[in-house]
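Note sheet for the following structure.
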Amino acid sequence: MYLYLYLNIFTILFPLLLSFDKKVAFYKNWGSLFPAILANGLLFVAWDALFTEAGIWGFNEAYLTGIYLFNLPLEEVLFFLTVPYACVFIYDVLNAYISKDLLRPVAKPLALALILALPLVAVFNAAALYTSITFCLLAVMHLLHLRFFGTKYLGRFYLAYLVHLVPFLLVNGVLTYLPIVWYNDSFNLGLRIVSIPVEDTMYSMLMLLLTISVYEALRQRKRVKQYEPIAV
């Protein structure tokens, strides 16, 4: 029963089909999107492989194809393609259909609160490696994003993050409830949203913020090049 593979297909199917919507025209941004997904994948696949080897999490072979890459199930590697694609699609759809940056007024205070709070939780739970590493990296990612972009994209990012929680809870709920993916609670806080470790919400935020930061940086660079004067 290749359920994890089916979840990957379900995750990307509608965003991929709707990428050609005239208002969003998401396909036109693939040149910036796929390098951003690659950058995200290089970090998260390596991280995933290390945590799997350490027994921090693992996979139920009953729901897998049995194909492995980098000592990870094929489905897990595909996860770092399908999920970022779907999440950035949500981000672009919201940008296209909602002209006002609704969360910009609270974006910086929220970012600063996370930058302060996440490392504190990490320090007091240093042995819970999933918690401490995820929370520290998310705080660092926020610092980097503020350094390079300020709040230009942050409000829209938070809106996309909130909307993405709906499919996130659905897909991740299936993954952790069966479970297709299991977690060793010795390495996390032991707090769950039904079957989902609370750390997964921060892990997903980190993955989305990294991808969107690289995506917007590449788009910004492309716009600058388009308007550069041609040397005579």
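The values are calculated or read from the model by the stated rules, or taken from the named source; none is laboratory data. Treat the numbers as computed from the prediction; the structure is a model and nothing was measured. Neighbour counts are summed over all protein chains in view; Cβ atoms, including those assigned to glycine, are modelled from backbone coordinates with ideal geometry.
Report yes if some residue within region 22-32 is under 30 Å from residue 186 (Cα atoms) and surrounded by 13 or more Cβ atoms within 10 Å (Cβ to Cβ); otherwise report no.
Pass one, region 22-32, residues under 30 Å from residue 186 (Cα atoms): none.
No, because not a single residue in region 22-32 is under 30 Å from residue 186 (Cα atoms) and surrounded by 13 or more Cβ atoms within 10 Å (Cβ to Cβ).
Would it be correct to say that residue 194 is closer than 27 Å to residue 90 by Cα, surrounded by fewer than 16 Cβ atoms within 10 Å (Cβ to Cβ), touching a Gly at 6+ places or on another chain (Cβ under 7 Å) and modelled with pLDDT of 95 or more?
Considered against the rule, which asks whether it is closer than 27 Å to residue 90 by Cα, surrounded by fewer than 16 Cβ atoms within 10 Å (Cβ to Cβ), touching a Gly at 6+ places or on another chain (Cβ under 7 Å) and modelled with pLDDT of 95 or more, residue 194 comes out as yes.
Checking the condition within 30 Å of residue 185 (Cα to Cα), assigned to a helix (DSSP H, G or I) and touching an Asp or Glu at 6+ places or on another chain (Cβ under 7 Å), which residue from 134, 82 passes? Show your work before the answer.
Details: 82 fails: touching an Asp or Glu at 6+ places or on another chain (Cβ under 7 Å).
Matching residue, one of 134, 82: 134.
Do the conditions hold for residue 59, that is, is it on the phi < 0 side of the Ramachandran plot, out of contact with any Asp or Glu (no Cβ under 7 Å at 6 or more places or on another chain) and modelled with pLDDT of 95 or more? So that I can check it myself, show each step before the final result.
Numbers: on the phi < 0 side of the Ramachandran plot: yes; out of contact with any Asp or Glu (no Cβ under 7 Å at 6 or more places or on another chain): no; modelled with pLDDT of 95 or more: yes.
So residue 59 does not fit the description; no.
Of the residues 119, 84, 73, which is touching a strand residue (DSSP E or B) at 6+ places or on another chain (Cβ under 6 Å) and not aromatic (Phe, Trp, Tyr)? Step through it out loud before you land on a result.
Numbers: 119 fails: touching a strand residue (DSSP E or B) at 6+ places or on another chain (Cβ under 6 Å); 84 fails: touching a strand residue (DSSP E or B) at 6+ places or on another chain (Cβ under 6 Å).
Every option except 73 fails the conditions.
In region 10-63, how many are under 25 Å from residue 222 (Cβ atoms) and not aliphatic (A, V, I, L, M)?
Number satisfying all stated conditions: 18.
For residues that are among the polar types (S, T, N, Q) and either more than 15 Å from residue 206 (Cα to Cα) or modelled with pLDDT under 95 (or both), tally how many sit in region 111-146. Show your work before the answer.
Of the residues in region 111-146, the ones among the polar types (S, T, N, Q) are 125, 131-132, 134.
Now drop any that are not either more than 15 Å from residue 206 (Cα to Cα) or modelled with pLDDT under 95 (or both), which leaves 125.
Here the count works out to 1.
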